[in-house]
Amino acid sequence: MARATPFLVGLLFGLGLCLSGMTDPRKVLGFLDLGGPWDPSLAFVIGGAAAVAFVAFRIAARRGRSLSGGPLHLPTTKAIDARLIGGSLLFGVGWGLVGLCPGPAIVDLGYLNGRAALFVLCMAAGMALYGLLTAVQTAPSADRAFASKYEPTADQLQRGG
Amino acid sequence: MTIDWTHFTPGSAFAGGLLIGLAAAWLVLQSGHVLGASGLLGGLVPPRAGDWPWRAEALLGLIAAPIVARPAFHTHPPTIAAGWMTLIIGGLLAGFGTRLANGCTSGHGVCGLARLSPRSFAATATFMAAGFATVFLIRHVF
């Protein structure tokens, strides 16, 4: 069962996204459009999801290790910094432009949607660009102070999101 | 501001959320990882030895979901209205931004809030505000 966990987790995640309607940009944009009739559904999605996850994270934290016996890979970064805010702003704009965020866009690949495919491709390109810029900034020839400010933390390297 | 009662679906939205929460619960309990879609994809770009396989498998699960969802929940394929230019810009922003912020709606908005993480509260408030502002500008200003 543990071996199949990642695939089944992805499947369950995707089923939740499909059932909740989040895979359709019209539903998401209905939530993000405050100037028109407002569809609060997305709040209910996050509410339901966070409530269940809250219980699980408390249990996991108390156990201190995973069921497969390994360590927890939880983020340890605490600082609310420019990268967090700046990155969230950029992501939010992209989300508002299309009505898709990473999870639903990937599920929409399963619907064989060409526009979703283009979006996912460009997401991957944006991620690759980020990786390229951080790698360049940690190159030996770069100024050390500058590099240490922008290189990914060990936590981010380990966790990746 | 009025509620869009014709499109508001509290039941299926909440039920879908429960499934998402169950997925996150399963992952953190079984393997200790936070469930975040941007991390799943981002962890493949570039891939890291010993780490990329589980992320790739989870992505496959996401992609397989419609096959089960259509008969199970009678879901419909999406309608994506954005043109190719918007898709390209939006995709690049979403990809770059989620890496910079180290998370998205699932990583920060679900798991981060569930963990009561101040960082995730800040991230979620920010991308929500940016999303609201972007849609408002596009639909009601420009």
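Residues that are more than 7 Å from chain A (Cβ to nearest Cβ) and over 21 Å from A:Ala53 (Cβ atoms) within segment B:1-24 comprise B:Trp5, B:Thr6, listed in sequence order. Considered as a group, the residues in segment A:105-161 that are of a type in the set (S, T, N, Q) and part of a helix (DSSP H, G or I) include one that is modelled with the highest pLDDT, and that residue is A:Thr134. Residues that are free of Cβ contacts under 8 Å to residues at least 24 places away in the same chain, touching a Gly at 6+ places or on another chain (Cβ under 8 Å) and more than 17 Å from A:Gly10 (Cβ to Cβ) do not occur anywhere in segment B:59-75.
Which members of segment A:73-129 meet the condition of being of a type in the set (S, T, N, Q), touching a helix residue (DSSP H, G or I) at 6+ places or on another chain (Cβ under 7 Å) and within 7 Å of chain B (Cβ to nearest Cβ)?
Initial filter on segment A:73-129 (of a type in the set (S, T, N, Q)): A:76-77, A:88, A:113.
With the extra rule that they be touching a helix residue (DSSP H, G or I) at 6+ places or on another chain (Cβ under 7 Å), the set shrinks to A:76-77, A:88.
A:Thr77, A:Ser88, listed by residue number.
None of B:Gly107, B:Gly61, B:Gly97, B:Gly91 is part of a helix (DSSP H, G or I), touching a Cys at 6+ places or on another chain (Cβ under 7 Å), buried (at least 23 other Cβ atoms within 10 Å of the Cβ) and at the interface with chain A (Cβ under 7 Å from one of its Cβ atoms) except B:Gly91.
Taking only segment A:28-45 into account, find how many residues are without any contact (Cβ under 8 Å) to a residue 40 or more places away in the chain and crowded, with 24+ Cβ neighbours inside 10 Å. Before the answer, list the steps.
The initial filter retains those residues of segment A:28-45 that are without any contact (Cβ under 8 Å) to a residue 40 or more places away in the chain, namely A:30-31, A:33-45.
Next, from what is left, pick out any that are crowded, with 24+ Cβ neighbours inside 10 Å: A:31, A:39, A:41, A:45.
Selection size over segment A:28-45: 4.
Only residues that are out of contact with any strand residue (DSSP E or B) (no Cβ under 7 Å at 6 or more places or on another chain), within 7 Å of another protein chain (Cβ to nearest Cβ) and not in a loop (DSSP other than H, G, I, E, B): list them for segment A:57-72, please. Residues satisfying the conditions are A:Phe57, A:Ile59, A:Ala60. Condition check for B:Val28 on (1) out of contact with any Gly (no Cβ under 9 Å at 6 or more places or on another chain); (2) within 18 Å of B:His74 (Cα to Cα): one failure, at (2).
Do we find that B:Gly103 is among the small types (Gly, Ala, Ser), closer than 25 Å to B:Ala24 by Cβ and free of Cβ contacts under 8 Å to residues at least 24 places away in the same chain in this structure?
Numbers: among the small types (Gly, Ala, Ser): yes; closer than 25 Å to B:Ala24 by Cβ: yes; free of Cβ contacts under 8 Å to residues at least 24 places away in the same chain: no.
In short, no.
May I ask you to list the residues in segment B:28-57 that are facing chain A (nearest Cβ under 7 Å) and touching a strand residue (DSSP E or B) at 6+ places or on another chain (Cβ under 6 Å)? Selection gives B:Gly32, B:His33. Taken as a whole, segment A:23-37 holds no residue that is under 15 Å from B:Leu22 (Cα atoms) and among the hydrophobic types (A, V, I, L, M, F, W, C). Looking at (1) closer than 26 Å to A:Gly64 by Cα; (2) in contact with a Ser or Thr (Cβ under 9 Å, 6 or more places away or on another chain), which one does B:Gly21 not meet, given that it meets all the others? With (1) closer than 26 Å to A:Gly64 by Cα; (2) in contact with a Ser or Thr (Cβ under 9 Å, 6 or more places away or on another chain) applied to B:Gly21, the lone miss is (2).
A:Gly30 falls short on exactly one of the conditions (1) at the interface with chain B (Cβ under 7 Å from one of its Cβ atoms); (2) part of a helix (DSSP H, G or I); (3) within 18 Å of the chain's Cα centre (by Cα), and that condition is (3).
Note on segment A:1-27: among residues that are surrounded by fewer than 24 Cβ atoms within 10 Å (Cβ to Cβ) and not in a helix (DSSP H, G or I), the one that is nearest to the other protein chains (Cβ to nearest Cβ) is A:Asp24. Every listed requirement among (1) small (Gly, Ala, Ser); (2) in a helix (DSSP H, G or I); (3) facing another protein chain (nearest Cβ under 7 Å) is met by B:Ala82 save one, (2). Is at least one residue of segment B:34-48 touching a Pro at 6+ places or on another chain (Cβ under 6 Å) and in a loop (DSSP other than H, G, I, E, B)? Within segment B:34-48 (the criterion being touching a Pro at 6+ places or on another chain (Cβ under 6 Å) and in a loop (DSSP other than H, G, I, E, B)), the answer is no, since none of the residues qualifies.
The values are calculated or read from the model by the stated rules, or taken from the named source; none is laboratory data. It should be emphasised that the depicted structure is a prediction, and the values quoted were computed from it without experimental measurement. FYI the Cβ positions are ideal-geometry reconstructions off the backbone, even for glycines, and counts take in every protein chain you see.
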